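These notes concern the structure reproduced below.
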Amino acid sequence: MRRIHLVVAALLTLAPMTGFIQAQAQSTGFAPRPAESGAQAFAVGAATASQFAIAASQQVLKRSVDRKVKKLAEGIIADYQAGLSYILETAAASNIRVPEALDADHQARLDRLAAAGPGEIDALYQAEVGRVHEAAIALFTGYIRSGDNLRFRLIAARALPTLKDHYANVQLLAQR
């Protein structure tokens with residue numbers, strides 16, 4: 001359960017980034033919208049990343065035959081579902097609206113994963129969740145340093161090790 005809260009905390013700090021951190025987010029598709037800032041932008045970025053990671057992992061869990069890939073997907077689903085509920089609770093308590101569905105870019109990525117053949121789904125999944133984790137790690141690290149909300153900064157600091165752990169597992173699978 002603590003691991004789940006760490007992931008949520010990390011995701012909560014995605015949005016209020018400036019400079020390099022926002023550039024990283026934009027390059028990976030998890031950037032806040034230009035009209036959003038601070039906690040609102042973080043909540044939107046965190047929710048989008050969580051929703052995508054969950055949906056992509058559910059796809060691969062249904063279709064992959066590789067038990068190591070399935071085990072990774074199960075862990076990501078568990079951690080991110082708990083994290084997403086925490087993001088939503090925190091956003092609601094702060095009167096912040098977050099998206100209920102994926103944006104068009106992330107839905108297109110998910111659709112590509114759903115259409116992938118048996119021989120390509122594992123590699124595509126690993127690439128996509130790798131991108132999600134790279135962006136989250138960069139954003140969380142930046143938010144820990146310069147975020148404008150102490151609660152989110154603390155959450156990011158707690159979640160960062162879990163994000164790094166997931167990312168390391170994705171990299172290990174990709175090297176096989």
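Readers should treat all values here as calculations from the given coordinates under stated rules, not as data from a laboratory. Nothing here was measured: the structure is a model prediction, and the numbers come from that model. Using ideal geometry, Cβ is built from the backbone for each residue, glycine included, and neighbour counts are taken over all protein chains shown.
Odds and ends about this structure:
- Phi-derived couplings, Karplus 6.51 cos²θ - 1.76 cosθ + 1.60 at θ = phi - 60°, listed residue by residue for the range 140-154: 5, 4, x, 5, 4, 6, 9, x, 9, 10, 4, 4, 5, 4, 5 Hz, with x used for Gly and Pro.
- Note: relative contact order over the range 29-162, using C-alpha pairs below 8 Å and six or more positions apart, is 30 percent.
- Estimated vicinal HN-Hα couplings, Hz - the range 169-176 in sequence order (Karplus 6.51, -1.76, 1.60; Gly, Pro = x): 5, 5, 5, 4, 5, 5, 7, 5
- Maximal additional length on extending the residue 92-residue 68 stretch stands at 5.0 nm, based on 0.36 nm per residue less the C-alpha distance.
- Remark: 48, 90 ranked as 90, 48, counting other beta-carbon atoms within 10 Å and listing the fewest first.
- Residue 171 versus residue 148: modelled label distance in nm, points set 7 Å from Cα along the beta carbon direction: 3.3 nm
- Under the simplified labelling scheme, the residue 103-residue 115 pair shows an inter-label distance of 2.1 nm, with each label point 7 Å from Cα along Cα→Cβ.
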